[in-house]
Amino acid sequence: MQIQNEPCINTLSPKPGIVIWYSRIPDIMDVILRKATYHNFRPMVNEIFQNTDFIQPVLSETEIQTVNGFKALKKQIEWICGRYLIKLMMARFFLKDAPLNQITLSYLGEGAPFVSCLPRISISLSHSHDYTAAACGLDTSLPIGLDLEKIAPMPDPYFLKTAFTQNELLILEKNALSVFKHWTIKEAYLKYIKKGFNESLHKVEVIHDEIFHHNIKAQVDVFSHTLSSGYILSLVSGRSVCPGSNT
């Protein structure tokens, strides 16, 4: 489903209290940037951005300085588009049309992002090739982690052994869709625990869509969705605890 008045943004609701938005990066650039020369942004060196480059104010002065510190335009565009999505999401659900350049993100010690003025709201960002995605938990009791990947050709054996444990390889279907689904679930979980790649990939196992961390089953929900454009995204979220429940 597309967001009303935002034709470039699509939305998913994997379960109550969680929303995912995703979009093509070129479509976002058409909405927020005045110049139309960024579409072939991958091989280009970095650009020096100014507030006047944006159709509407999106980044704070500090964020402009940050994005101008990146050495490649690819990194700059991905960073800008991911933040646009999450800022727009915050303005829609929590900050009620606050100016986007006044909504800023901060980071925990191991790199997990949070909205500076809404630290209890769980957010997650991801991008791959021409797409970017953002998710937030509308309920502060639901931590989340999101990962998005383009479904590429089947990875080589070295990648498989690096990314997955022997237990995972025994049950993993040897096709690209299965491998990338498995990978996005694992990476989403690493974001869910706010560790990213600071945690060993072999300490987390995804077995039949259930996650085991240090051999202990994680009490989480897993959601995966394949986009018609050849991408897959996965979200890992905490489980709501009902009053009086012992689980």
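Rule-based calculations on the coordinates, nothing more; no lab input. Just so you know, these numbers come straight off a predicted model, no measurement behind them. Quick reminder, even Gly has a Cβ in these numbers, built from the backbone with ideal geometry, and neighbours come from all protein chains shown.
Worth pointing out:
- Charge tally in the Cβ shell below 10 Å around G196, where Lys, Arg are +1 and Asp, Glu are -1, G196 excluded: 0
- Gain on full extension, evaluated as 0.36 nm per residue between K75 and A176 minus their Cα-Cα distance, stands at 33.8 nm.
- Relative contact order for region 143-239, counting Cα pairs under 8 Å that sit 6 or more residues apart, in percent: 38
- Relative contact order for the chain, counting Cα pairs under 8 Å that sit 6 or more residues apart, in percent: 15
- Summed side-chain charge close to S234 - residues other than S234 whose Cβ falls under 12 Å, Lys, Arg +1, Asp, Glu -1: -2
- A Förster distance of 30 Å, applied to the separation of the beta-carbon atoms of D27 and N68, puts the FRET efficiency at 0.80.
- Only Lys, Arg (+1) and Asp, Glu (-1) charged, at Cβ; region 143-239 dipole about Cα centre in debye: 200
- Anchor K161: aspartates and glutamates whose Cα lies under 13 Å away (excluding residues fewer than 8 positions away in-chain): E205
- Calculated [θ] (222 nm, deg cm²/dmol) that DSSP helices of n ≥ 4 give over the chain, each run adding -39,500 (n - 2.57): -8000 deg cm²/dmol
- Point-to-point label distance, L227-A91, nm (Cα→Cβ direction, 7 Å offset): 2.1
- Full extension of the chain segment joining T52 with D209 gains 51.9 nm, where the gain is 0.36 nm per residue of separation less the Cα-Cα distance.
- Column: log10 I(q)/I(0), Debye, Cα scatterers of the chain, q = 0.07 Å⁻¹: -0.24
- Under a model in which nothing but the beta-carbon of Lys, Arg (+1) and Asp, Glu (-1) is charged, the chain shows a dipole of about 160 debye around its Cα centre.
- Highest mobility in the GNM of the chain, judged by mean-square fluctuation with C-alpha springs under 10 Å and restricted to R83, R120, R34, is found for R34.
- In this label model, V45 and H202 are separated by 4.2 nm, measuring between points 7 Å along each Cα→Cβ vector.
- The chain: most fluctuating residue of S124, S234, S141 per GNM, C-alpha cutoff 10 Å: S141
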